[in-house]
1. If the chain between R190 and R294 were fully stretched, how many nm would it gain, using 0.36 nm times the residue separation less the Cα-Cα distance?
2. Over the Cα atoms of the range 36-85, what radius of gyration and what Dmax do you get, in Å?
3. Go ahead and collect, in residue order, the members of the range 64-90 whose backbone nitrogen is under 20 Å from a label point 7 Å along the Cα-Cβ direction of S34.
4. Take every Cα-Cα pair in the range 7-73 and report what % of them are more than 13 Å apart.
5. May I ask you to derive the FRET efficiency for V212 and A357 from their Cβ-Cβ distance with R0 = 41 Å, giving the value to the nearest 0.05?
6. Which FRET efficiency, nearest 0.05, do A325 and R176 yield, Cβ-Cβ r, R0 22 Å?
7. How high is the FRET efficiency from R183 to A364, r the C-beta distance, R0 45 Å, rounded to 0.05?
Amino acid sequence: MAAPTQLRAAALAADDSGIAISLTFSAKVAYRVSTARKPARIALTLQHARGVAGLVLPGPQGPVTGVTAQPQSNGDLRLTIFLARSLPAHVNWESSGKSAPTLIMRLASAQAATPHAVPALHAPRESGRDIVIAVDAGHGGEDPGATGHAGVHEKDVVLAIARALARRINSEPGMRAVLTRDRDEFLTLRDRIRRARQAKADLFVSIHADSVVNSTVSGSSVYVLSERGATNEAARRLADLENAADLMGGVSLADKGNRLASVLLDLSQQWNISASMAAAQNVISALQGVGLVRKGQVQQAGFVVLKSPDIPSMLVETAYISNPAEERRLRNPAQQAALADAIFTGLRSYFTGNPPAGTRFALAHGPHPPSELAGTGPAPGA
């Protein structure tokens with residue numbers, strides 16, 4: 001009979017998004033997952049496996065109150081993760097070319113189980129601070145963006161809309177806007193993200209005006225980062241250890257190994273996309289009151305400007321500058337203000353239901369505690 005697969009290492013990492021437990025093996029094993037409520041726990045049964053001599057299991061952290069490993073009479077190994085409350089779990093093998101296979105179990109925190117903005121690093125958190133929104137006017141300087149049939153440049157109309165949106169945000173008690181650019185200047189896409197992070201933004205919204213060959217196409221659409229774009233960005237950040245040093249939620253990656261740092265980035269980006277999606281859907285609903293929305297559901301793409309792992313981000317295509325009628329509307333100050341007001345309405349609606357901790361909105365609208373969540377069913381096998 002073949003020797004059992006060895007469980008060589010077990011580690012646990014926690015942040016505001018949840019818990020990640022990484023298990024490193026000598027080879028991939030089949031597994032099954034089961035959950036129970038009293039006490040709350042998740043059992044991970046590993047077929048024909050054994051822990052190496054001296055294996056150290058993670059101690060209590062966050063909602064995890066303990067981890068045990070028990071050999072079974074049939075040769076399996078059962079890991080039990082005891083929890084302070086029931087939490088959903090997702091288990092999968094890390095997609096890596098490394099020789100040591102690693103199984104990752106992700107447990108969403110109860111607080112993160114509903115879409116919410118990843119908290120920015122503000123101090124003190126109980127200060128009643130304003131919600132900070134980074135408003136990004138696309139293109140600029142030597143990059144005019146798209147140009148309409150009448151010669152209107154995208155960079156000019158989106159700057160006007162961004163300024164109108166910033167004024168509307170600043171007029172709302174408890175909210176404050178930061179423009180990534182307030183003049184006709186060229187910024188790299190990474191510079192736009194950097195300015196938003198420097199401002200400790202709770203949300204990033206980039207304003208654009210789309211262009212296509214078919215000049216009859218019209219309407220608005222809203223994009224958030226795709227899962228593939230998030231995966232590519234995590235790989236890029238991990239390749240640049242200085243860039244991956246920290247997340248705005250206060251979680252340092254500098255003292256983590258690459259595998260745990262990768263898990264933490266993945267957790268942050270998963271919930272970041274979820275929060276972005278929820279905020280973007282509110283904006284689409286508000287834009288429907290202004291005019292035609294070309295795509296009524298949030299779209300996902302790998303736009304670089306959306307790739308901050310810790311700031312919920314969206315890109316709003318306000319209209320098609322390639323459509324002559326929409327080009328005229330885009331250069332109209334009244335239409336610019338209407339678009340800005342609709343975007344603001346969507347943002348305000350989102351933050352009313354999801355106020356970041358320590359903000360005036362949170363104090364005004366009160367907490368929204370999620371109900372306790374049951375654990376998930378069995379995860380896919382190896």
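We did not get these values from a lab; they are worked out from the coordinates using the rules stated. A quick note: this is a predicted structure, and the numbers were derived from the prediction, not measured. Cβ: placed from backbone, ideal geometry, glycine included. Neighbour counts: every protein chain shown.
1. On the way: separation 104, 0.36 × 104 = 37.44 nm, distance 2.82 nm.
Between R190 and R294, full extension yields 34.6 nm more.
2. Looking at the range 36-85, its Cα Rg and Dmax stand at 11.6, 33 Å.
3. Answer for the range 64-90: 66-90.
4. 70 percent
5. Numbers: r = 42 Å, r/R0 = 1.02.
Approximately 0.50, to the nearest 0.05.
6. Details: r = 35 Å, r/R0 = 1.58.
The formula returns an efficiency of 0.05 here.
7. On the way: r = 34 Å, r/R0 = 0.76.
With a Förster radius of 45 Å, E is 0.85.
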